[in-house]
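The values are calculated or read from the model by the stated rules, or taken from the named source; none is laboratory data. Only a predicted model underlies this, so the values are computations on that prediction, with no experimental measurement involved. Don't worry about glycine lacking a Cβ; one is built from the backbone with ideal geometry, like all the others, and counts go over all protein chains shown. Accessible surface is based on the protein model in full, side chains and every heavy atom, while ligands, DNA and RNA are left aside. Shrake-Rupley method; radii C 1.70, N 1.55, O 1.52, S 1.80 Å.
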Amino acid sequence: MKISDILSGKKRVLSFEFFPPKKVENEHILFESIERLKGWNPDFISVTYGAGGSTRDKTLDWTKKIKDDYLLNVMMHLTCIASTEERVVSILKELKKNGIDNIFALRGDIPEDLDNKEEAFKDFRYASDLVRLIREVDDSFSIGVAGYPEGHIECPNIGEDIENLKKKIDQGADFIITQLFFDNRYFYDYLDMLEKYRITLPVIAGIMPIINIKQVIKFTDMCGATVPKYLKNKMMDRSPEEMLNVGVDFATEQCRDLIENNVKGLHFYTLNRSKATINVLNNLNLD
């Protein structure tokens, strides 16, 4: 089912994100997490796509597997950096053949092993180029795009970043899922700015319950998101169990505040684990 249709008919949506395991021995973790989270009746599941299409085949395989084996509504991530129009068209045909209606359109990161960086932009330079091609090839897909409450790390300011978001919308995007954030003020300020730019698409909030603070700090340093200092201090030098409990409590209060302020959706970045997300959902007692 198209995510755009679900969003138009529901007050709030719930979704989970997974990534293709790099090692076969870790696949059981993904299976177990999907099985546990399936009980929460998510509106959709998303499957990530590596830089330069580095997990392209796995992403396609896992997207189809989750749809067919777990009977879940799936959205496949698709990046265009260092890709070709021919390759993207081929993937779109494969998705359509398998009854997959939803795509999350991203530019992606330049592959580190690429000698000539400009080669990465041969057919696509921005995510808006990918959205345009998807609409030209098959207008029946529901297309999601990324939003950055604290601004994209490569943009000099949030205004320019929102202008780039508008380009994706003008090419045919249907909804927005934000990068993770840990301070809801960034999200609310972002919504206010989108309103000023007359952007009215549904915005789903990206949530990551913290289970490893050092891992999250490393990740946010790369993507430009902010972890509040008091939260870092509270989680440092804790045992894994204590860190999980603090992370779950924080994410619970974050989500509770978002729900009270009529957030359109919660999209959990699970890191292929289920315990923290399930604990948060249990705390929220969602209807």
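Brief remarks on what is shown
- Residue among Ser33, Ser90, Ser128 with the largest mean-square fluctuation in a Gaussian network model of the chain, springs linking Cα atoms under 10 Å: Ser90
- Calculated Rg and Dmax of the Cα atoms in Å (choose from [x] 18.2, 52; [y] 22.7, 74; [z] 27.7, 90), label: [x]
- Glu86-Gln215 pseudo-label distance in nm [points 7 Å out on the Cα-to-Cβ vector]: 3.9
- Lys97-Lys38 pseudo-label distance in nm [points 7 Å out on the Cα-to-Cβ vector]: 2.5
- The range 223-285: C-alpha gyration tensor shape, a/c 1.5 cut-off, then a/b vs b/c: prolate
- Hydrodynamic radius of the range 192-262 by the Kirkwood approach over all distinct alpha-carbon pairs: 13.9 Å.
- Peptides 238-250, 166-178, 206-218, 254-266 ordered by average Cβ neighbours within 10 Å, highest first: 166-178, 206-218, 254-266, 238-250
- Relative contact order (percent, whole number), the range 3-284, Cα cutoff 8 Å, 6+ residue spacing: 20
- Taking the Cα centre of the range 144-272 as reference, the dipole from Cβ charges on Lys and Arg (+1) and Asp and Glu (-1) amounts to some 120 debye.
- Here the calculated FRET efficiency for Val137 and Cys223, from their Cβ-Cβ distance with R0 = 35 Å, stands at 0.75, rounded to the nearest 0.05.
- Percentage of interatomic Cα-Cα distances in the range 105-195 larger than 17 Å: 54
- Across the range 35-40, computed HN-Hα scalar couplings (Karplus, 6.51 cos²θ - 1.76 cosθ + 1.60, θ = phi - 60°) run 4, 5, 7, 4, x, 8 Hz from first to last residue, x flagging Gly and Pro.
- Carbon + sulfur, % of accessible area of the chain - ligands and nucleic acids excluded, 1.4 Å: 46
- With both labels modelled 7 Å from their Cα along Cα-to-Cβ, the Asp237 to Lys65 distance reads 4.2 nm.
- Å² per residue, accessible surface of the chain at 1.4 Å: 49
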